[in-house]
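A short reminder: the numbers here are calculations on the coordinates, not readings from a lab. Quantities reported herein were computed from a predicted structural model and do not represent experimental measurements. For neighbour counting, all protein chains shown are included, and Cβ atoms are generated from backbone atoms with ideal geometry for every residue, glycine included.
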Amino acid sequence: MEANPDFYLSCNGVESDCRLVGRTVALGRDDLLVARVAPAIHAPIGDAELDEVILAPRQPGASLLPLPSSPTPVYVCQLQRSASGATQLAVVAWGELRQRPET
């Protein structure tokens, strides 16, 4: 990942650098961010290493953009497709976003 991440994600005792990929809408939610993370996050579902995740604010009415100055609790999610082709957003962990320090 590049030297200056957009923000940091603390999850499962690991701090990952995050690069914002964009915003997305899923399952009626319009407050989701797509981010690339390094190091990758271990997903308990499917036993995969996720280097791209979807982040959703845990607090109702909270927004992730612009990223608040204080640490912000988030759901760390991945998209899953069922055999029928249906898509669902699966929460794989809880985490906390924080801004990168200004230099």
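Could you please let me know if residue 33 is of a type outside the set (Gly, Ala, Ser), out of contact with any Ser or Thr (no Cβ under 7 Å at 6 or more places or on another chain) and touching a residue at least 60 places away in the same chain (Cβ under 8 Å)? Let's see the steps before the verdict.
Numbers: of a type outside the set (Gly, Ala, Ser): yes; out of contact with any Ser or Thr (no Cβ under 7 Å at 6 or more places or on another chain): yes; touching a residue at least 60 places away in the same chain (Cβ under 8 Å): no.
In short, no.
Have a look at 33, 89, 79, 64 and point out the one that is touching a Leu at 6+ places or on another chain (Cβ under 9 Å) and not in a strand (DSSP E or B). Let's see the steps before the verdict.
On the way: 33 fails: not in a strand (DSSP E or B); 89 fails: not in a strand (DSSP E or B); 79 fails: not in a strand (DSSP E or B).
Testing whether each residue is touching a Leu at 6+ places or on another chain (Cβ under 9 Å) and not in a strand (DSSP E or B) leaves just 64.
Just the residues that are exposed (fewer than 12 other Cβ atoms within 10 Å of the Cβ), in a loop (DSSP other than H, G, I, E, B) and not small (Gly, Ala, Ser), please, taken from the range 1-30.
In the first step, residues of the range 1-30 are kept if they are exposed (fewer than 12 other Cβ atoms within 10 Å of the Cβ); the result is 2-4, 13, 22, 25, 27-28, 30.
Next, only the ones that are in a loop (DSSP other than H, G, I, E, B) stay: 2-4, 13, 27-28.
Selection gives 2, 4, 27.
Kindly provide the set of residues from the range 41-55 that are out of contact with any Ser or Thr (no Cβ under 8 Å at 6 or more places or on another chain), more than 16 Å from residue 99 (Cα to Cα), part of a strand (DSSP E or B) and hydrophobic (A, V, I, L, M, F, W, C), ordered by number.
At the first step, the residues of the range 41-55 found to be out of contact with any Ser or Thr (no Cβ under 8 Å at 6 or more places or on another chain) are 42-53, 55.
Still in the list and also more than 16 Å from residue 99 (Cα to Cα): 42-53.
Adding the requirement that they be part of a strand (DSSP E or B) leaves 42-43, 48-53.
If the condition is that a residue be out of contact with any Ser or Thr (no Cβ under 8 Å at 6 or more places or on another chain), more than 16 Å from residue 99 (Cα to Cα), part of a strand (DSSP E or B) and hydrophobic (A, V, I, L, M, F, W, C), then 43, 48, 50, 53 are the ones that fit.
Restricting attention to the range 64-78, does a residue exist that is of a type outside the set (S, T, N, Q), on the phi > 0 side of the Ramachandran plot and exposed (fewer than 10 other Cβ atoms within 10 Å of the Cβ)?
Within the range 64-78, the first condition is being of a type outside the set (S, T, N, Q), and the residues that meet it are 64-68, 71, 73-77.
Now restrict to residues that are on the phi > 0 side of the Ramachandran plot: none.
So far as the range 64-78 goes, no, none of its residues is of a type outside the set (S, T, N, Q), on the phi > 0 side of the Ramachandran plot and exposed (fewer than 10 other Cβ atoms within 10 Å of the Cβ).
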